[in-house]
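Just below is one structure, and these are the notes that go with it.
The values are calculated or read from the model by the stated rules, or taken from the named source; none is laboratory data. None of these values were measured; they are calculated from a predicted model. In this analysis, Cβ positions are derived from the backbone assuming ideal geometry, glycine residues included, and neighbour counts consider all displayed protein chains. Just so you know, the surface numbers come from the protein's heavy atoms only, side chains and all, with ligands and any DNA or RNA stripped out. Shrake-Rupley method; radii C 1.70, N 1.55, O 1.52, S 1.80 Å.
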Amino acid sequence: MSLTTVHTVADLRATVANWRAEGLRVALVPTMGALHDGHISLTHLAREHADRVIVSIFVNPTQFAPNEDFGAYPRTLPADQKLLGDAGVELCFAPSVEEMYPDGFATKVSVDGAMTNVLCGAARPGHFDGVAQVVTKLLLQALPDCAIFGQKDYQQLMVIRRFSTDLNIPVEIIGAKILREDDGLAMSSRNRYLTPDERAIAPTLNKVLGDITAKAATGAELGPLLAKGREDILSAGFDPIDYLEVRDADTLELISDTVTKPARIFVAARLGKARLIDNHAIEPA
Ligand code: AMP
């Protein structure tokens with residue numbers, strides 16, 4: 001089957017209904033486009049769980065603050081379609097803003113509490129309300145058997161698990177590991193914003209996370225490790241650091257002394273025009 005692209009919810013639903021009538025399992029991979037190999041790795045994981053794979057491409061205005069890069073965000077639909085076709089994806093759902101948020105649209109989806117007030121939730125107020133709103137819509141529009149999200153956006157994955165459980169959305173949420181460039185930089189659509197000099201500096205984030213992870217896993221005190229990590233990130237040329245924190249892998253509660261349970265170290269920092277994020281798992285020895 002070659003790739004088909006649809007732009008309306010009605011066409012998406014008609015396609016999924018035909019597949020369902022044939023007894024096929026369906027997976028959804030939500031994206032904002034400007035696709036790279038990290039996204040494609042999600043489609044491969046989707047294929048392990050389903051007979052038909054849908055990739056949605058929608059740059060969602062409600063998850064960007066007015067001062068953020070919604071206007072500048074790369075939009076590369078023809079190149080994305082080529083990558084999806086080559087990856088064997090059956091359906092690309094690329095709705096317009098008007099299709100997703102028609103006149104009169106008034107509904108918000110908001111996840112309360114510790115999970116959304118921290119990390120990117122603190123640095124980007126309202127961001128996760130926008131994510132929850134659009135992902136709720138995409139899940140209900142396609143009603144797939146499963147949906148795949150990258151651990152690159154680990155907090156987003158946790159927030160999506162939370163609201164889909166709370167709202168009884170009957171879709172299995174599956175997390176996928178982070179795909180990296182050869183030098184360790186986590187793949188991201190926003191890496192396109194980096195100049196060659198910045199691109200050479202960018203792998204510092206992964207290196208600092210890796211160094212701290214190795215020491216924290218053997219019980220080292222986090223305070224000095226994080227202080228040194230901040231110094232290394234700033235002296236490489238990042239400015240500012242939004243956060244460099246270790247948190248419980250399940251609850252996202254802050255861990256400030258030593259790691260004694262599965263944890264995760266998170267970083268967000270700006271390098272030129274790009275705000276880069278990354279994270280690593282810390283498994284205590
Ligand atoms: P985005 O287009 O940035 O909204 O990302 C769409 C999906 O791809 C999200 O679930 C991301 O977590 C995931 N993703 C982005 N970059 C990577 C990566 N380097 N490795 C794995 N998944 C990724």
- Query: Looking at 87, 72, which one is loosely packed, with under 13 Cβ neighbours inside 10 Å and either more than 18 Å from the chain's Cα centre (by Cα) or acidic (Asp, Glu) (or both)?
  - Reply: 72
- Task: Go over the candidates 116, 165 one by one and state the one that is without any contact (Cβ under 8 Å) to a residue 60 or more places away in the chain, outside any loop (DSSP other than H, G, I, E, B) and exposed (fewer than 15 other Cβ atoms within 10 Å of the Cβ).
- Result: 165
- Would you mind telling me which numbered condition in (1) within 12 Å of the ligand (Cβ to nearest atom); (2) of a type in the set (S, T, N, Q); (3) open to solvent by 40 Å² or more (accessible area, probe 1.4 Å) residue 188 fails? (3)
- Message: Step by step: first the residues of segment 91-106, then only those that are more than 22 Å from the chain's Cα centre (by Cα) and surrounded by 11 or more Cβ atoms within 10 Å (Cβ to Cβ), then the one that is farthest from residue 30 (Cα to Cα). Which residue is that?
- Response: 105
- Query: For residue 212, which of the numbered conditions (1) more than 16 Å from the ligand (Cβ to nearest atom); (2) surrounded by fewer than 21 Cβ atoms within 10 Å (Cβ to Cβ) fails to hold?
  - Reply: (2)
- Item | Filtered residue count, segment 225-244, keeping only those that are buried (at least 19 other Cβ atoms within 10 Å of the Cβ) and either assigned by the TED database to the domain that holds residue 118 or closer than 23 Å to residue 175 by Cα (or both) | 1
- Picking from 217, 200, which residue would you name as being surrounded by 15 or more Cβ atoms within 10 Å (Cβ to Cβ) and among the aliphatic types (A, V, I, L, M)? 217
- Hits in segment 64-109 (condition: in contact with a Leu (Cβ under 7 Å, 6 or more places away or on another chain) and small (Gly, Ala, Ser)): 85, 94
- Filter pass, residue 219 being in a helix (DSSP H, G or I), within 28 Å of residue 284 (Cα to Cα) and in the same structural domain as residue 276 (by the TED database): no
- Message: Just to be sure before I move on: is residue 180 near the ligand (Cβ under 9 Å from one of its atoms) and in contact (Cβ under 8 Å) with a residue 40 or more places away in the chain in the structure I sent?
- Response: no
- Inside segment 15-33, can you point out the residues that are within 16 Å of the ligand (Cβ to nearest atom) and of a type in the set (S, T, N, Q)? 31
- Is it the case that some residue within segment 171-184 is open to solvent by 10 Å² or more (accessible area, probe 1.4 Å), touching a strand residue (DSSP E or B) at 6+ places or on another chain (Cβ under 8 Å) and more than 30 Å from residue 77 (Cβ to Cβ)? no
- Count, please, the residues in segment 34-53 that happen to be surrounded by 22 or more Cβ atoms within 10 Å (Cβ to Cβ), within 13 Å of the ligand (Cβ to nearest atom) and closer than 23 Å to residue 97 by Cα. 2
- Regarding residue 12, is this residue modelled with pLDDT of 95 or more, surrounded by 14 or more Cβ atoms within 10 Å (Cβ to Cβ), among the hydrophobic types (A, V, I, L, M, F, W, C) and within 16 Å of the ligand (Cβ to nearest atom)? no
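Report, by residue number, each residue of segment 44-60 that is of a type outside the set (Asp, Glu) and without any contact (Cβ under 8 Å) to a residue 60 or more places away in the chain. Steps first, answer last, please.
Start the filter on segment 44-60 by keeping residues that are of a type outside the set (Asp, Glu), which leaves 44-47, 49-50, 52-60.
Of everything in segment 44-60, those that are of a type outside the set (Asp, Glu) and without any contact (Cβ under 8 Å) to a residue 60 or more places away in the chain turn out to be 44, 47, 52, 53, 55, 57, 59.
Please find, among 160, 148, the residue that is open to solvent by less than 10 Å² (accessible area, probe 1.4 Å), touching a strand residue (DSSP E or B) at 6+ places or on another chain (Cβ under 8 Å) and assigned to a helix (DSSP H, G or I).
On the way: 148 fails: assigned to a helix (DSSP H, G or I).
Every option except 160 fails the conditions.
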